[in-house]
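For reference, the structure discussed in these notes is given below.
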Amino acid sequence: MAEIILIDEFVDRFLKDEIPLLDARSEGEYLRGHIPGALNLPLLKNEERVVIGTTYKQQGREAAVKKGFELVGPRFASIIADAEKLAPSRDILLYCWRGGMRSNITAWLLNLSGFRVTLLKNGYKAWRTWAQAQFNIKGDVIVAGGRTGSGKTSLLKAIAACGEPVIDLEGMACHKGSAFGALGQQPQPVTEHFENMLAIEWFVKRKKGPVWMENESRSIGSNIIPLGIYEQLRNASMIEIRLPDALRKQRILDEYGIFPTEKLAENTLKLAKRLGGNRLKEAMACLDEKNLAGWVDLMLSYYDESYLYGNTQRDQSKITAIEFDHDRMDENAAAVIELMKKKELINFHLQNK
């Protein structure tokens, strides 16, 4: 028989024991959101789930159960074979939507085949309740801020390489946060799965020391930062990175100059109302003329204004500026860590290594 455990123990097991985690829901449910790290082993395929739902509504539960076995029975051997590939150790953590029929049938089948299966009580629904609760837990946060082109993302990667806990919000969202943020990125996850990834990152990393995150708006493309985390971002101490304008401009040219000007124009038009008629006209003319340097100047002027306004909404006593005349991020990261350490804003775990 499968062991059934509550969500807290379930999370501990898949984080500590590295047991394969399988999601027995349909492919569509899995794509909308799943426990990070879970692999999909659907008992019912998308189209089969529709058939079962229709049968249940029209003929009742017993008819739906019979139809389910009629559809799934012929696939039992392939489900076992897939499980053997996904979990060669034959130890499995398993869940479905509510910890009901799908996970119990899958567990029964796999138990018969020699697998050791542990089920999540109340399934993915329990996970979502747990994930939402994480966002209301307070932790120590340090925000990396700075004007567009300051290299905040690169700096955070360098800080992470120093051993500090970093949550890459833009990396999880597959978006860089601006009107041009989707360029060169993979499709964004739905917000539900963005929340799932953030929940486990927050759960793990807030226990390791102050968590570094980039200064963000509430939305990153189509993904929305949960209110509890966003409020902590807005109220945290911020280190403001200041680079010379020439360096910022070159970073933007290097990052976005690789894209066709037609694509840059398409995204620039998204800012039409905010840029205003004259600045929009100038920006589009620069792109028509392949004058990327001129276009960057106009974009930086807009984003600098937005950044300065956003900073007025912060507690100014919590902002610490640091200036660099280069963008060698390993050196900059070391300087930022040392500065925050001296200010005694945080208790760095690095000093105990």
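One line per residue, one yes/no per condition, for (1) surrounded by fewer than 23 Cβ atoms within 10 Å (Cβ to Cβ); (2) part of a helix (DSSP H, G or I); (3) not assigned by TED's automatic domain parsing to the domain that holds R75:
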{"position": "Q185", "(1), (2), (3)": "yes, no, yes"}
{"position": "V204", "(1), (2), (3)": "yes, yes, yes"}
{"position": "K207", "(1), (2), (3)": "yes, no, yes"}
{"position": "W212", "(1), (2), (3)": "no, no, yes"}
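Take the range 123-172 and flag every residue that is free of Cβ contacts under 8 Å to residues at least 40 places away in the same chain and over 19 Å from the mean Cα position of the chain (by Cα). Matches in the range 123-172: G123, K125.
Against the numbered list (1) outside any loop (DSSP other than H, G, I, E, B); (2) within 30 Å of L269 (Cβ to Cβ); (3) not basic (K, R), L109 comes up short only at (2).
Of the helices (runs of 4 or more DSSP H) lying entirely inside the range 1-65, not one is found with 1 or more residues being on the phi > 0 side of the Ramachandran plot.
Quick one: in the range 93-122, of everything that is within 13 Å of R25 (Cβ to Cβ) and among the hydroxyl-bearing types (S, T, Y), which residue is farthest from the chain's Cα centre (by Cα)? Let's see the steps before the verdict.
Here is the first cut: in the range 93-122, the residues within 13 Å of R25 (Cβ to Cβ) are 94-103, 105-106, 120.
In the following step, the residues that additionally are among the hydroxyl-bearing types (S, T, Y) were identified as 95, 103, 106.
Details: Y95: 22, S103: 27, T106: 29 Å.
Looking at residues that are within 13 Å of R25 (Cβ to Cβ) and among the hydroxyl-bearing types (S, T, Y), I get T106.
Could you please let me know if V11 is within 33 Å of the chain's Cα centre (by Cα), under 27 Å from L198 (Cα atoms) and outside the structural domain of E201 (by TED's automatic domain parsing)? Against the criterion (within 33 Å of the chain's Cα centre (by Cα), under 27 Å from L198 (Cα atoms) and outside the structural domain of E201 (by TED's automatic domain parsing)), V11 qualifies.
Going through the range 5-24 one residue at a time, which ones are basic (K, R) and free of Cβ contacts under 8 Å to residues at least 60 places away in the same chain? Matches in the range 5-24: K16 only. Among the residues making up the range 241-261, a single one is polar (S, T, N, Q) and within 12 Å of D297 (Cα to Cα): Q250.
Name the residue, out of M329, M284, that is within 24 Å of K205 (Cβ to Cβ) and modelled with pLDDT of 90 or more. Outline the logic, then answer.
Values: M284 fails: within 24 Å of K205 (Cβ to Cβ).
Exactly one of M329, M284 is within 24 Å of K205 (Cβ to Cβ) and modelled with pLDDT of 90 or more, namely M329.
Residues are listed down the side, and each one gets a yes or a no for (1) more than 18 Å from L86 (Cβ to Cβ); (2) crowded, with 20+ Cβ neighbours inside 10 Å; (3) in contact with a Ser or Thr (Cβ under 7 Å, 6 or more places away or on another chain):
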residue: I5; (1), (2), (3): yes, no, yes
residue: F10; (1), (2), (3): no, yes, no
residue: I19; (1), (2), (3): no, no, no
residue: D23; (1), (2), (3): no, yes, no
residue: E27; (1), (2), (3): no, no, no
residue: L31; (1), (2), (3): no, no, no
residue: H34; (1), (2), (3): no, yes, no
residue: G37; (1), (2), (3): no, no, no
residue: N40; (1), (2), (3): no, no, no
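Here R116 meets each of (1) at pLDDT below 95; (2) within 24 Å of G73 (Cα to Cα); (3) not hydroxyl-bearing (S, T, Y) with one exception, condition (1).
Has the range 47-54 got at least one residue that is surrounded by 18 or more Cβ atoms within 10 Å (Cβ to Cβ), of a type in the set (A, V, I, L, M, F, W, C), over 23 Å from E195 (Cβ atoms) and outside the structural domain of N196 (by TED's automatic domain parsing)? Yes; the residues of the range 47-54 include at least one that is surrounded by 18 or more Cβ atoms within 10 Å (Cβ to Cβ), of a type in the set (A, V, I, L, M, F, W, C), over 23 Å from E195 (Cβ atoms) and outside the structural domain of N196 (by TED's automatic domain parsing).
The values are calculated or read from the model by the stated rules, or taken from the named source; none is laboratory data. Quick caveat: nothing in here was measured; it's all calculated off a predicted structure. Virtual Cβ from ideal backbone geometry, glycine too; neighbours counted across all protein chains shown.
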